[in-house]
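This report concerns only the one structure given below.
The values are calculated or read from the model by the stated rules, or taken from the named source; none is laboratory data. On a predicted model such as this, the values are computed, not experimentally measured, just so you know. A quick note on method: Cβ atoms are made from the backbone with ideal geometry, for glycine too, and the neighbour counts reach across all protein chains shown. Surface areas here come from the heavy atoms of the whole protein model, side chains and all, with no ligands, DNA or RNA. Shrake-Rupley method; radii C 1.70, N 1.55, O 1.52, S 1.80 Å.
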Amino acid sequence: LEIIGFIDGADNYSKPTSIIENISMLREITKKCGFKSNMIPNPNISKQPSDKYIKDAFKRPPAPYNSTIPRHPVVTIMGHVDHGKTTLLDTLRNASVAKSEFGAITQHIGAFIVVLDNGKKITFLDTPGHAAFTTIRSRGAQVTDIVVLVVAADDGVKEQTIESIRMAKNAKVPIIVAINKIDKPMADIERCKKMLQTQGGLDLEEFGGSVQVVQISALHGTNFNYLIESILTLAEILDLRSDPNPPAEGVIIESKVDSHKGKLATVLVQRGKLLNGSILVAGTAWGKVRKMMDHQSNILQEANPSDAIQIIGWKELPQAGQEFLQVSSDKRAREVIDYRLSKSIEEKQIEDSVHILSKLEEHNKEYKNHLLEKRNHRIYRRSKFSSVYQEKLLKNRKNEEKEEIRLNIVIKGDVIGSVEAILDVLETYESDQCKLDIIHFGIGNVSVTDIEYADAFQAIVYAFNVDVLKDAEESAHQSKIVIKQHNIIYKLIDDIKDEMNNSLPPIE
Ligand code: GDP
């Protein structure tokens, strides 16, 4: 009979109960009930939520509706190649410049804002291709409120049109269709609509659905007012809002190194007010906002939700798609980054140890079969010739019925090779009287997590060619965990064998 148990609620940040504590509790219960418990290292164990909550710059939960204010929409233009996306963006961008300053030079920063006569704004993302969806969404960030799907009237629905619809639907982003190139003699608007309905699976407004369709010419700027109107109407229905209170949060849209300005990143502010001098962390990069600019190189003093701005002041270059969060000081930024770096190293180590574990299990299975075969053969031979052996067998069986003696150990090594070598040797070591249980192993210095494992399983920690971290040493001292350091493999193995012998009851 095998019982498999799961620990639930490990992601509950408000109750940072130690998972290790739960394991030791489970172990006690199973022991009392007379079950044997066998727990293998789980990669999620070391991801202690309480740890993350304290040390990482965490994202805040959504703000209540009454503390939010309306924000303008963020739009992405998608569609098949050559259907007019770039032309549409260029015309829109020029329109945004024409309203502000004659002859102003626009820069490609990954996004621009169109300000309308009535003061309303729309942010357009112009990251090349489908990057806004592929790169940014692959990192789990959602940046777009509305997708404008461009379909050339003379070409109809194509492969990338279908793909764009699929992406938008997956991301649950509503679509507005812009049937483009209506100035062309071969334009067939009705055919386009039918294709969108049948092949694209879109429920167009005029067929009783909710998807708006506008007919435009990106080249000549025909019907742009209708397109803008449709975007604003949809934005109103979506009731887009955000929390205007600091700290600021958002997503990196684009980043690059400029030979004059240094490290630049365009960010989309999604929450809070971003001010000059703010300190931001994105992934493992950080920076202090020295200068904020829009796509016309206008210097800005602040940025609000749905604003896309280019920022100068990054110490390292953040990556597109990463979320940025404002922190209180540069010291805090460094703390967060140190924590994230150490987490990524730890995750790599866990990945490695899981790999070693599965390899070990494979080896174990083969080796156990081999041993079983050998033992069966031996028993067969001896039982045939020796009646004394029968007596011995009986005695052994009686011994087996006694309570099993175990030695629990934790192994930490400097490299995968050395840990694997130790595991390989231990695998070949068999004792009928004392069972060896490797409850956890890994690469790197002995950490508090290792001591917590050892404490939960009453294990001895064996460190091969690695040090013991200061806090781990203190924790071991407090919980009376023995740490043994070696730098020669066979001496470490001998030590384990001695410990196994010591665990046995004295010979009467
Ligand atoms: P993209 O690959 O989707 O970005 O397409 P482009 O914007 O590069 O446009 C492809 C070609 O179609 C270019 O030669 C544009 O000049 C042309 N084009 C785009 N929009 C229109 C339009 O409304 N009318 C006409 N006649 N040509 C257009």
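Against the condition open to solvent by less than 60 Å² (accessible area, probe 1.4 Å), within 16 Å of the ligand (Cβ to nearest atom) and not aliphatic (A, V, I, L, M), how does Thr266 come out, does it pass? Give the derivation first.
On the way: open to solvent by less than 60 Å² (accessible area, probe 1.4 Å): yes; within 16 Å of the ligand (Cβ to nearest atom): no; not aliphatic (A, V, I, L, M): yes.
In short, no.
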- Message: Looking only at segment 175-209, count every residue that is touching an Asp or Glu at 6+ places or on another chain (Cβ under 8 Å) and more than 16 Å from the ligand (Cβ to nearest atom) and tell me the total.
- Response: 3
- Task: Among the residues of segment 149-174, write down those that are assigned to a helix (DSSP H, G or I), within 16 Å of the ligand (Cβ to nearest atom) and either surrounded by 22 or more Cβ atoms within 10 Å (Cβ to Cβ) or not aliphatic (A, V, I, L, M) (or both).
- Result: Glu159, Gln160, Thr161, Glu163, Ser164, Ile165
- Residues of segment 175-217 that turn out to be in contact with a strand residue (DSSP E or B) (Cβ under 9 Å, 6 or more places away or on another chain) and either open to solvent by 50 Å² or more (accessible area, probe 1.4 Å) or assigned to a loop (DSSP other than H, G, I, E, B) (or both), as a count: 15
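Tally up the residues in segment 53-87 that are part of a helix (DSSP H, G or I), out of contact with any Phe, Trp or Tyr (no Cβ under 8 Å at 6 or more places or on another chain) and more than 16 Å from the ligand (Cβ to nearest atom), please.
Initial filter on segment 53-87 (part of a helix (DSSP H, G or I)): 53-55, 65-67, 85-87.
Checking which are out of contact with any Phe, Trp or Tyr (no Cβ under 8 Å at 6 or more places or on another chain) leaves us with 54, 65-67, 85-87.
Narrowing further to those that are more than 16 Å from the ligand (Cβ to nearest atom): 54, 65-67.
Total meeting the criteria: 4.
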- Working carefully through the options Ser50, Ser37, find the one that is modelled with pLDDT under 85 and either within 16 Å of the ligand (Cβ to nearest atom) or within 30 Å of Leu436 (Cα to Cα) (or both). Ser37
- Item | Selected residue (only one of Glu351, Glu347, Glu335, Glu323 is of a type in the set (D, E, K, R), closer than 30 Å to Asp90 by Cβ and open to solvent by 40 Å² or more (accessible area, probe 1.4 Å)) | Glu323
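Select from segment 283-328 the residues that are of a type in the set (Ser, Thr, Tyr) and within 25 Å of the chain's Cα centre (by Cα) and list them in ascending order.
Step one: list which residues in segment 283-328 are of a type in the set (Ser, Thr, Tyr), which gives 284, 297, 306, 328.
Scanning segment 283-328 gives Thr284, Ser306, Ser328.
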- Considering every residue within segment 226-234, establish whether at least one is within 16 Å of the ligand (Cβ to nearest atom) and without any contact (Cβ under 8 Å) to a residue 24 or more places away in the chain. yes
- Item | Candidates Ile253, Ile237 - the one that is more than 16 Å from the ligand (Cβ to nearest atom), crowded, with 18+ Cβ neighbours inside 10 Å and within 38 Å of the chain's Cα centre (by Cα) | Ile253
